[in-house]
Amino acid sequence: MEQMWRWPSERVHHVSGSAGALTFVGGAGAFDSSGHIAHPGDLDAQIVAAVGNVADALAAEGAALSDIVRVKAYYTSDVDDWHVIARIAELLADDPMPAISTVPEPLQPFDGQVIQLQVIALKGWRSGSDVRFATRPVPPTWQDRFGARQVTGGLRAGEFIAVSNRTAADEDGAMAEAADGVAQSHSIMACHEATLAELGAGMQDCVKMEGHFYGTTRADWAPLALARASHFAEPGPPATVVPCQRLNPEGAVTKIDVLAMREKRNSYDKYIPRQDSWPDRVWDWPLNLPYRQAVRLRGTIWLGGQVPSEPYANSGRRMMPGNLAGQTRMTMSYIEDLLRGFNRRPADLKLMVCYYTCSEGEKTTHMMLDLLSQCLGSALPPTTLVPKTMMHTPENTVEIWGVAQG
């Protein structure tokens, strides 16, 4: 029997897992069963290999490529996002295509790697009774790559909704509000609101908001944070927002995507109630934001991005500044606290997404894998590792979120 692909690490990790009705694949790259990367530095070839590995990972959970609802691609190349979207779409032939999100990153976790794919799938959704999708415009210069196919901006597969991430670029791919992060944030969120409405949902149905922005100080973060937050009423979803070092097109300073859940009861779309966990020890933001730290619904637990902030406080002060090992352990302890509120533990994670400062390339990645394995006390769940040249400030080195079996 052919062995499953794996990372170049001795640490045991699952390549896929399921929580509730959803199946997750984290950090699928062009690896073979020995952990070697195929086609080093070749983006197009690695996309093909990574999609093949996604198929194998999904098969281990009884799912297939046609079951994918959302793909998030972290890639390292000078190409435009639309090239990556088009290449992935070519390999996923079923329509409507899944929501495809892209994040250009200067670093990857392993040497020779130039792309990793994080996937959410829902088995059998294409034969379900409630399938809806909203399209997104493709800039004229890229339309030939898609032929007659429509590109999905938002997809509703039964109760689960994925909205692809986007900048504030207009239909021609140009930035009308170049370098204005607040205006861009409002523009993106308004677009997401319209997409969700087209799918019978709204912002209060969101179970996750994830954003990327240019900035290395709290002064950079705060105005954009307030702009995003103004589009949610309390209680909002768990949120993760991290700095980025690259975005397309030129002039873009932020990119945001959302995931949501909403049920259809008889002929009406209805809000799905959710349980909440926020122990006193777990930090709060230094701004009065509407987000929650962890919510549970439909057999899934969604976590907000955890950082090593001061416990029992909303000061925003980072503990053990600049200490990646210490901050990672503290961050994982917050995840443990949050999951304990649902009588769950870190071993119940079915997706883990780790952003971390990386000063020594793959050596730092292996240190992170050792730390995470020690904190979990078990095999790693499907994990996406995103090394960064810098996080929010020099004092902060890590942010981690995930989805657990509820």
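The values are calculated or read from the model by the stated rules, or taken from the named source; none is laboratory data. Model, not experiment: these values are computed from the prediction. Don't worry about glycine lacking a Cβ; one is built from the backbone with ideal geometry, like all the others, and counts go over all protein chains shown.
Table for the structure above
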quantity	calculated
Failed criterion for ALA197 (all others in (1) surrounded by fewer than 22 Cβ atoms within 10 Å (Cβ to Cβ); (2) more than 19 Å from PRO96 (Cα to Cα) hold)	(2)
Residues satisfying the stated conditions in the range 89-138, i.e. of a type in the set (D, E, K, R) and either part of a loop (DSSP other than H, G, I, E, B) or closer than 25 Å to GLY200 by Cα (or both)	ASP94, ASP95, GLU105, ASP111, LYS123, ARG126, ASP130, ARG132, ARG136
Residue in the range 206-222 that is nearest to PRO286 (Cα to Cα), counting only those that are in contact (Cβ under 8 Å) with a residue 12 or more places away in the chain and exposed (fewer than 15 other Cβ atoms within 10 Å of the Cβ)	ARG218
Selection status of GLY361, at positive phi, of a type outside the set (S, T, N, Q) and modelled with pLDDT under 95	yes
Tabulated pairs, the range 182-205, first over 15 Å from ALA169 (Cβ atoms) and among the small types (Gly, Ala, Ser), second in a helix (DSSP H, G or I) and at pLDDT 95 or above, C-beta under 6 angstrom, 6+ apart or interchain	GLY202/LEU196
Among the residues listed as TRP302, TRP283, the single one being touching a Pro at 6+ places or on another chain (Cβ under 9 Å), crowded, with 18+ Cβ neighbours inside 10 Å and either without any contact (Cβ under 8 Å) to a residue 60 or more places away in the chain or in a loop (DSSP other than H, G, I, E, B) (or both)	TRP283
Odd one out for SER66, checked against (1) over 23 Å from ARG166 (Cβ atoms); (2) touching a helix residue (DSSP H, G or I) at 6+ places or on another chain (Cβ under 8 Å); (3) polar (S, T, N, Q); (4) not in a helix (DSSP H, G or I)	(4)
When residues of the range 278-328 are limited to those that are among the polar types (S, T, N, Q) and over 23 Å from the mean Cα position of the chain (by Cα), the one nearest to TYR356 (Cα to Cα)	ASN323
Restricting the range 148-169 to residues that are farther than 16 Å from GLU193 by Cα and part of a loop (DSSP other than H, G, I, E, B), the residue that is farthest from the chain's Cα centre (by Cα)	ALA148
Counted residues, the range 203-249 - those being touching a strand residue (DSSP E or B) at 6+ places or on another chain (Cβ under 8 Å) and part of a loop (DSSP other than H, G, I, E, B)	13
Only one of SER34, SER129, SER18 that is closer than 23 Å to GLY299 by Cα and without any contact (Cβ under 8 Å) to a residue 60 or more places away in the chain	SER129
The range 69-85 - residue that is part of a strand (DSSP E or B) and of a type in the set (D, E, K, R) and, of those, nearest to THR384 (Cα to Cα)	LYS72
Close pairs (7 angstrom Cβ cut-off, 6 or more residues apart or separate chains): in contact (Cβ under 8 Å) with a residue 60 or more places away in the chain and more than 25 Å from ARG132 (Cβ to Cβ) in the range 79-104, of a type in the set (S, T, N, Q) and assigned to a loop (DSSP other than H, G, I, E, B) anywhere	ASP80/ASN248; PRO104/ASN248
So PRO109, is it touching a strand residue (DSSP E or B) at 6+ places or on another chain (Cβ under 6 Å) and over 23 Å from VAL258 (Cβ atoms)	yes
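Conditions tested, residue by residue: (1) buried (at least 24 other Cβ atoms within 10 Å of the Cβ); (2) under 21 Å from the mean Cα position of the chain (by Cα).
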residue	(1), (2)
ARG6	no, yes
SER9	no, no
VAL12	no, no
SER18	no, yes
GLY35	no, no
ALA59	no, no
GLY62	no, no
LEU65	no, yes
VAL71	yes, yes
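To keep it simple, each residue is scored yes or no on (1) over 18 Å from HIS39 (Cβ atoms); (2) at pLDDT 95 or above; (3) crowded, with 20+ Cβ neighbours inside 10 Å.
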position	(1), (2), (3)
ILE68	yes, yes, yes
THR76	no, yes, no
ASP80	yes, yes, no
LEU92	yes, yes, no
THR102	yes, yes, yes
